[in-house]
1. Suppose the filter is at negative phi, charged (D, E, K, R) and open to solvent by 20 Å² or more (accessible area, probe 1.4 Å); does Asp318 pass it?
2. Does region 1-17 contain at least one residue that is of a type in the set (Asp, Glu) and at pLDDT 55 or above?
3. Tally up the residues in region 445-461 that are within 18 Å of Leu433 (Cα to Cα) and of a type outside the set (A, V, I, L, M), please.
4. How many residues does region 201-227 hold that are basic (Lys, Arg) and either in contact (Cβ under 8 Å) with a residue 40 or more places away in the chain or under 14 Å from Val248 (Cα atoms) (or both)?
5. Which condition from (1) buried (at least 20 other Cβ atoms within 10 Å of the Cβ); (2) more than 30 Å from Asp222 (Cα to Cα); (3) not charged (D, E, K, R) is the one that Ala71 breaks?
6. Residues in region 74-101 that are of a type in the set (Val, Ile, Thr) and open to solvent by 10 Å² or more (accessible area, probe 1.4 Å): how many?
7. Working only within region 319-347, note down all residues that are over 30 Å from the mean Cα position of the chain (by Cα) and of a type outside the set (A, V, I, L, M).
Amino acid sequence: MGNSKSSLDFKNDGVRAMKNSSSEELDSYYPVRPECLADVPKTRFKARVGKTLSERRWKAAFSKDGYLDIAGVLRRIQRGGIHPSIKGAAWEFLLGCFDPESTFVERNQLRQQRREQYAAWKSECQKIVPVIGSGKFITSAIVSDDGQPITSDDGQPIASDDGQPIASDDGQPIASDDGQPIECATSTSNSHDNSDAMPADNGDFEKKVLQWKLSLHQIGLDVVRTDRTLVFYENEANQAKLWDVLSVYAWMDKDIGYVQGMSDICSPMIILLENEADAYWCFERAMRRLRENFKCSTDSIGVQSQLSTLAQIVKTVDPKLHQHLEELDGGEYLFAFRMLMVLFRREFSFVDSLYLWEVMWAMEYNPNIYSSYDDKRQPLLSELLYDDKPNDKHKLKEYGKFERNNLKTGAEPNSALSVFLVASVLETKHRRLMKEAKGLDDVVEILGEISGNLDARKALDEALKVHKKYLKQAKKS
């Protein structure tokens, strides 16, 4: 494991000419462990000359001062995705980390500010659980539901609140780089390391700390399972980096914290962006789009809103199929839960899922996204995105294809393209679902067969067709 490559190694591994980029060569940017090759979906995406956004085209899209021609970039991405050599940098714009109308100097200043902010938040977390940032991570619960330290078989705390070492799965203390055991800070001690971070008389803060600690081992368990077929995650330091980012995010998102599935969204950012803070901010921006899906209560699941929208779409564009699914007791569309939660990560190879995401984000792109995320009023995101509707054709080109359709028709901007993508998959399986599905298990089995057999480009084209069909039908009614 010590000889495994870092993310920088992978990005520097043989930058190839675009015209020679086959699926196999693109796979080499994210190599799969040999023993797992038979278990992963086949990659279908190929970088195409004149269509895929290349490194040369990317650099040419910036002015001398650093202003980005976002319209040209979107056009290229929507045609053929992004070459792996510049994927991370392009994602930062697609997700709203940076404003295309900013300069190189302004972005460098903002990047430095964000790195310092992330370092401060991470330091705050380290004062509570010092294993964060150590290059290690935990997979065993460190506290019980009532906040008591959990002990290992030999009676030693797995992660003590009184300064005892944090133990690994085999009960051995986890050591830092200097070989010393990593200790967990206490919520009640007078230690200068954490007296500011954990005021003993703050009940709400103590509750937040407990809920966060309870999530850390679950994050660790998910980290071990996430993209485990990739050589990148044979390196424990890379796994720890993913765990750190998710742990800090869980600490900062006080309403949701961590929910299973977030690791699938975060993992590509860890691989694509060398700097951990940059990866955090890219993930944080992605979660701005997705976090409502992860909100859960005793009465509902967060993704329920999108599932309801999916039901309405299918009912409109394919009423016979919707009725059939309702008769099978599938009218709530829970069988599509996973597709929407992790954006088709299970249905495509790693390379193809990244391609799918970036083309979706390009098609959904709204030039107001950066300013809307930085707005201090905190109104509904949709209100900010559509505050300033374009009045000229040039400005309209700065919107993605999906967004332009919404603007032209005056449609409600609340439905994500991913929902229409699921609807298009259902439509393509109409005949089989109507003929063979006698129960929900059959529905799940039929949809499960798309794994590795779905072309991301064609699927997105079909999703746009369903979108137009839905808007047309909805307008009639």
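The values are calculated or read from the model by the stated rules, or taken from the named source; none is laboratory data. All of these numbers come straight from a predicted model, not from anything done at the bench. Glycine also receives a Cβ, built like all others from the backbone with ideal geometry; neighbour counts cover every protein chain displayed. The accessibility values were calculated without ligands, DNA or RNA, using every heavy atom of the protein model including side chains. Shrake-Rupley method; radii C 1.70, N 1.55, O 1.52, S 1.80 Å.
1. no
2. In the first step, residues of region 1-17 are kept if they are of a type in the set (Asp, Glu); the result is 9, 13.
Filter once more, so that each one left must be at pLDDT 55 or above: none.
Within region 1-17, not a single residue is of a type in the set (Asp, Glu) and at pLDDT 55 or above.
3. Residues in region 445-461 being within 18 Å of Leu433 (Cα to Cα) and of a type outside the set (A, V, I, L, M): 5 in total.
4. Counting residues in region 201-227 that are basic (Lys, Arg) and either in contact (Cβ under 8 Å) with a residue 40 or more places away in the chain or under 14 Å from Val248 (Cα atoms) (or both) gives 2.
5. (1)
6. 1
7. Of everything in region 319-347, those that are over 30 Å from the mean Cα position of the chain (by Cα) and of a type outside the set (A, V, I, L, M) turn out to be Pro319, Lys320, Gln323, His324, Glu326, Glu327, Asp329.
Conditions (1) without any contact (Cβ under 8 Å) to a residue 24 or more places away in the chain; (2) outside any helix (DSSP H, G or I), marked per residue:
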{"site": "Gln239", "(1), (2)": "no, no"}
{"site": "Ala250", "(1), (2)": "no, no"}
{"site": "Asp255", "(1), (2)": "no, yes"}
{"site": "Ile270", "(1), (2)": "no, no"}
{"site": "Ala311", "(1), (2)": "yes, no"}
{"site": "Lys320", "(1), (2)": "no, no"}
{"site": "Phe337", "(1), (2)": "no, no"}
{"site": "Phe348", "(1), (2)": "no, yes"}
